[in-house]
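Here is the structure we will look at.
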Amino acid sequence: MTHAVELTSPVSGWRGQVVVHGHWGAPVVVFPSEGGRAWDFEDNGMVDAVRGLLDSGRIKLFCVDSADAATWSDRSIPLEERASRHDQYERWVLDQVVPYVHGECGGLQPILAMGCSLGAFHAANIALRNAHVFPRALCLSGSYDPSRWHAWGDPGDAGYFHNPMQYVANLGGDHLDWLRRTVHLTLVVGQGSWEVDPTGALPSTLAFAEALSAKGVPHELDVWGHDVPHDWGSWQRQAAHHLPRLC
């Protein structure tokens with residue numbers, strides 16, 4: 001069972017599509033890879049990779065459009081502006097997509113955030129910033145430091161608070177205690193082609209896991225072999241391996 005809906009935020013103005021796969025089950029919000037659209041998960045074999053979970057009512061996928069072309073991937077604007085625009089995109093997810101997910105699933109319940117490549121960053125970031133909504137994240141081949149993404153310009157609050165490598169290092173007090181009780185990230189990465197150069201996914205994932213460990217934030221690091229490249233075939237296998245344990 002697949003259907004699509006377009007949602008618009010009256011506050012931020014962001015408009016995007018959500019493609020829903022499945023009839024019932026634990027809700028999973030899926031962020032696409034860089035510049036991707038809501039249909040990418042299906043078009044690249046990811047839906048078929050977890051078809052058994054969908055057909056049995058274990059999970060229900062809510063695949064969203066990205067806004068990367070106007071945010072992190074727009075090298076014509078400084079990093080702070082990219083982060084500010086991303087903040088508006090996040091508001092669209094929280095104010096429009098999340099209520100839609102709850103309505104489709106019969107009420108309030110925890111949502112798993114998931115993504116591949118740049119989508120893995122989105123999943124991790126939104127979970128850490130909104131663990132009360134997204135207490136779990138499955139992050140495949142991510143890069144977690146936007147300051148390394150051809151960044152330029154003076155840093156500001158938006159750039160800091162959307163950079164997990166920066167804000168995790170400074171977590172403390174009651175908020176850190178709450179995160180330790182609430183959130184769990186699963187970080188998965190291969191060691192094959194494109195996981196180091198040009199994506200930087202392998203070193204970034206290892207550094208991010210170390211940062212989480214230093215603060216005691218619950219997570220799992222799963223490093224696959226040198227025969228596992230940064231591509232959809234790898235992510236199909238990784239999703240099929242991890243989603244049954246997380247949902």
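Some points to look at:
- Among the residues making up the stretch 178-207, a single one is in a loop (DSSP other than H, G, I, E, B), surrounded by fewer than 20 Cβ atoms within 10 Å (Cβ to Cβ) and hydrophobic (A, V, I, L, M, F, W, C): 196.
- Consider the stretch 161-177 and keep the residues that are closer than 21 Å to residue 120 by Cβ and loosely packed, with under 15 Cβ neighbours inside 10 Å. The one that is nearest to the chain's Cα centre (by Cα) is 161.
- Close pairs (8 angstrom Cβ cut-off, 6 or more residues apart or separate chains): on the phi > 0 side of the Ramachandran plot in the stretch 191-209, crowded, with 20+ Cβ neighbours inside 10 Å and not charged (D, E, K, R) anywhere: 194/201; 194/230; 200/143
- Checking each residue in the stretch 208-246 for being open to solvent by 30 Å² or more (accessible area, probe 1.4 Å), outside any helix (DSSP H, G or I) and either more than 19 Å from residue 127 (Cβ to Cβ) or of a type in the set (A, V, I, L, M) (or both) picks out 221, 223, 224, 226, 227, 231.
- Per this entry, residue 196 is counted among residues that are more than 18 Å from the chain's Cα centre (by Cα) and among the aliphatic types (A, V, I, L, M).
- Against the test of being of a type in the set (A, V, I, L, M) and under 23 Å from residue 52 (Cβ atoms), the options 228, 168, 183, 196 yield a single qualifying residue, 228.
- Residues located in the stretch 162-190, provided they are closer than 20 Å to residue 135 by Cβ, of a type outside the set (Gly, Ala, Ser) and free of Cβ contacts under 8 Å to residues at least 40 places away in the same chain: 167, 174, 175, 177, 180, 181
- Screening the stretch 2-19 for residues that are aliphatic (A, V, I, L, M) and touching a Lys or Arg at 6+ places or on another chain (Cβ under 9 Å) and picking the one that is most open to solvent (accessible area, probe 1.4 Å) gives 11.
Okay, residues lined up against (1) without any contact (Cβ under 8 Å) to a residue 12 or more places away in the chain; (2) out of contact with any Pro (no Cβ under 8 Å at 6 or more places or on another chain):
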residue: 9; (1), (2): no, yes
residue: 12; (1), (2): no, yes
residue: 17; (1), (2): no, yes
residue: 34; (1), (2): no, yes
residue: 53; (1), (2): no, no
residue: 71; (1), (2): no, yes
residue: 75; (1), (2): no, yes
residue: 107; (1), (2): yes, yes
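- Matching residues in the stretch 210-226 - criterion: being out of contact with any His (no Cβ under 7 Å at 6 or more places or on another chain) and touching a residue at least 40 places away in the same chain (Cβ under 8 Å): 211, 214, 215, 216, 217
The values are calculated or read from the model by the stated rules, or taken from the named source; none is laboratory data. Quick caveat, the model's predicted, so the values are computed rather than measured. As a convention, Cβ positions derive from the backbone with ideal geometry for all residues, glycine included, and neighbour counts pool all protein chains shown. Only protein heavy atoms, including side chains, enter the accessible area calculation; ligands, DNA and RNA are left aside. Shrake-Rupley method; radii C 1.70, N 1.55, O 1.52, S 1.80 Å.
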